[in-house]
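Enquirer: Below are the structure tokens for one structure; questions will follow.
The values are calculated or read from the model by the stated rules, or taken from the named source; none is laboratory data. Since this is a predicted model, take the numbers as computed values, not measurements. Neighbour counts run over all protein chains shown; Cβ positions are idealised from the backbone, glycine included.
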Amino acid sequence: MRSGAKVAVVGGVFVLVAGGLGYGVYEVVLGGSESGAIGNASESSEVRTGPPDKEETEKTAKGFLDAWASGDASAAALLTNNESVAEPLLAGFADEAHVTKAVITPGAAVGTKVPYTVKATVSYDGKTKPWSYSSELTVVRGLTTGKALVDWQPAVIHPQLTEGASLKTGESSSAAIEAVDHNGKVLDKETYPSLGPILDSLREKYGDRTGGSPGIETWIEPADEQLPDTTLLTLAKGKPGKLQTTLDADAQAAAEKAVKQFSGASVVAVRPSTGSIRAVANNPATGFNAAMQGKQAPGSTLKIMTAAMLLEKGFVTANGATECPKEARYYESTFHNLKNFELPASSSFTTSFARSCNTAFIKKIDEVDDDSALAKEAREVFGIGLDWKTGVVSVDGSVPEATRGVAAAQYIGQGTVQMNALNIASITATARTGTFHQPVIVPQSLDDRQLATASRSLSQNVTGQLNDMMRATASWGTGKAAMASVGGDKGAKTGSAEVDGQGTSNSWFTGFSDDLAAAAVVQSGGHGGDAAGPVVAAVLRAGS
């Protein structure tokens, strides 16, 4: 029981009134409880099994929420399946987050899940502000007691709370920022929700460099000290310092709208001539920044890199004839084309690229005679795996050295290749100009950080052929439909990545228009041009 609480007995019911905190009332009706602590309960009772029924679910949820709202962390924790972990977080709701009033209202149970709304008041250093949000809990059967209990997860306290994280209210650890795009337009979380984690990271890293001052806020403090705090409520604004980014507000707005069409989608746009990141968007928009931190096989979009390597080594030319049979084998692995299509023997390498013929690429690995060649191309030309310092946390891709069938799978973006939308957008940008420019979201001049540099560029001849092959893909190949609405000098490459245990492949697409490159992935989206293609096209139409 919290300090200052008063207890009264009213008609056989203990009523707890949390003195001084203004919390709601928590009631516990004694007698007939499972523990049999009071009354003539039997000395032993059968332990119940199976999922909790509706009555148990509603009663347990209400008891827990009432106890939490009253400020009685101990009583609330007793109604969970992890009392020792739950109690400190529940107590911290008042002690560390400084919630002084709380009304928590359960909704209708759906099975064993109960949604609820929290309407609270946060007070700190003379500043007070209302705070409301929604979350849900799940009621489960206790493994040993058979009691209905709340399945304890940090998200029970707040939907964005993760393992090891905590809620805090106080003076913010870093100064407020006003982030602006490359034209000076203000970028905020409300207008551009995908930028939420990015703006938090930028504030944490650069807030003290912008001349701003901290405010009073409620935030989530993550377990990992390398991750930024996530601001949930501002009680008093600090003086924001202006932070210049490389983003483009128009491209960002288009990206935000485009990814909302799908339940799992990411897109990034990069300027080939400079490496400036123009847009980053994810759906869902909060939490993990999959567009810059994801790690997945990118499918045939990686054929841009494989084609560059084959062109550099002289094993193909854009207009030279290339085999595209129904299947091709390398050591223990056999590879097929979509629906087992094949092309006439006289077909050019451009046709195989534009039609996304897998076997045309696989059959060349014998001629290359170096299973590690693609990994070298990735590092030396495209800057993959060189520790990018974009300005926020990002993953710079991976093409590990491999042998035999795994090496062959890499040629078509499968196997051990790991990429995200940022990496593929950068690969497209490098192909566009022939030279790798490490992507950045804030100018290097802000902190003089060391940017990654590739050891060599593509020749003008190879760069020209790559651009021509991507133009063909956009004008009459697999990217035609998606790129039809895009103007300027344009090119594209589609990709579908098969994932173990996933019924439908992930949809990948990348393209360029003049001096803008973009790449997108849609989880379980199928063919690259069907889902990811329109996302990329929308960003290319809007950006600059």
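Enquirer: Six or more apart or on different chains, Cβ under 7 Å: which pairs go from a residue in the range 489-511 that's without any contact (Cβ under 8 Å) to a residue 40 or more places away in the chain and within 13 Å of residue 523 (Cβ to Cβ) to one that's part of a loop (DSSP other than H, G, I, E, B) and charged (D, E, K, R)? Could you list them?
Expert: Listed pairs, sorted by first residue: 507/530.
Enquirer: Name every residue in the range 178-193 that is among the charged types (D, E, K, R) and either in contact with a His (Cβ under 6 Å, 6 or more places away or on another chain) or surrounded by fewer than 13 Cβ atoms within 10 Å (Cβ to Cβ) (or both), in order of residue number.
Expert: Here is the first cut: in the range 178-193, the residues among the charged types (D, E, K, R) are 178, 181, 185, 188-190.
Residues satisfying the conditions are 188, 190.
This table checks each residue for (1) out of contact with any strand residue (DSSP E or B) (no Cβ under 9 Å at 6 or more places or on another chain); (2) basic (Lys, Arg); (3) within 21 Å of residue 262 (Cβ to Cβ).
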position: 444; (1), (2), (3): yes, no, no
position: 456; (1), (2), (3): yes, yes, no
position: 467; (1), (2), (3): no, no, no
position: 490; (1), (2), (3): no, yes, no
position: 515; (1), (2), (3): yes, no, no
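Enquirer: Just to check your reading of the model, which residue among 451, 458, 466 is in contact with a Gly (Cβ under 9 Å, 6 or more places away or on another chain), in contact (Cβ under 8 Å) with a residue 60 or more places away in the chain and within 26 Å of residue 289 (Cβ to Cβ)? Let's see the steps before the verdict.
Expert: Numbers: 458 fails: within 26 Å of residue 289 (Cβ to Cβ); 466 fails: within 26 Å of residue 289 (Cβ to Cβ).
The match here is 451.
Enquirer: How about the range 503-544: which of its residues are under 18 Å from residue 282 (Cα atoms) and among the β-branched types (Val, Ile, Thr)?
Expert: Hits for the range 503-544 are 510, 521, 522, 535, 536, 539.
Enquirer: I'd like to check something: does the range 389-398 contain any residue that is at pLDDT 95 or above, basic (Lys, Arg), surrounded by 24 or more Cβ atoms within 10 Å (Cβ to Cβ) and under 27 Å from the mean Cα position of the chain (by Cα)?
Expert: No; the residues of the range 389-398 include none that is at pLDDT 95 or above, basic (Lys, Arg), surrounded by 24 or more Cβ atoms within 10 Å (Cβ to Cβ) and under 27 Å from the mean Cα position of the chain (by Cα).
Enquirer: What is the one condition in (1) part of a loop (DSSP other than H, G, I, E, B); (2) in contact with a His (Cβ under 9 Å, 6 or more places away or on another chain) that residue 345 does not satisfy?
Expert: For residue 345, the exception is condition (2).
One line per residue, one yes/no per condition, for (1) under 23 Å from the mean Cα position of the chain (by Cα); (2) surrounded by 24 or more Cβ atoms within 10 Å (Cβ to Cβ); (3) not hydroxyl-bearing (Ser, Thr, Tyr):
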position: 438; (1), (2), (3): yes, no, yes
position: 504; (1), (2), (3): yes, no, no
position: 523; (1), (2), (3): yes, no, yes
position: 528; (1), (2), (3): yes, yes, yes
position: 541; (1), (2), (3): no, no, yes
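Enquirer: Shifting gears a bit: Please go through (1) farther than 30 Å from residue 57 by Cβ; (2) surrounded by fewer than 17 Cβ atoms within 10 Å (Cβ to Cβ) for residue 203 and return the number of the only condition it doesn't satisfy.
Expert: (2)
Enquirer: Just the residues that are assigned to a helix (DSSP H, G or I), closer than 18 Å to residue 414 by Cα and either at pLDDT 95 or above or of a type in the set (Lys, Arg) (or both), please, taken from the range 295-338. Don't jump to the end; show me each part of the working.
Expert: Initial filter on the range 295-338 (assigned to a helix (DSSP H, G or I)): 299-313, 338.
Then drop every residue that is not closer than 18 Å to residue 414 by Cα, which leaves 299-310, 338.
Within the range 295-338, 299, 300, 301, 302, 303, 304, 305, 306, 307, 308, 309, 310 meet the criteria.
Enquirer: Do any strands (runs of 3 or more DSSP E) lying entirely in the range 102-165 carry at least 1 residues that are without any contact (Cβ under 8 Å) to a residue 60 or more places away in the chain, and which ones are they? Quick ask: steps written out before the conclusion?
Expert: Details: elements: 113-124, 127-141, 148-150.
So the answer is 113-124, 127-141.
Enquirer: Within the range 274-290, is there a residue that is modelled with pLDDT of 95 or more and within 21 Å of residue 500 (Cβ to Cβ)?
Expert: Within the range 274-290, one or more residues are modelled with pLDDT of 95 or more and within 21 Å of residue 500 (Cβ to Cβ).
Enquirer: Tally time: how many residues in the range 183-228 are among the charged types (D, E, K, R), outside any helix (DSSP H, G or I) and within 16 Å of the chain's Cα centre (by Cα)? Explain how you work it out, then say what you get.
Expert: Of the residues in the range 183-228, the ones among the charged types (D, E, K, R) are 185, 188-190, 200, 203-205, 208-209, 217, 221, 224-225.
Those left that are additionally outside any helix (DSSP H, G or I): 185, 188-190, 217, 221, 224-225.
In the following step, the residues that additionally are within 16 Å of the chain's Cα centre (by Cα) were identified as 189.
The total comes to 1.
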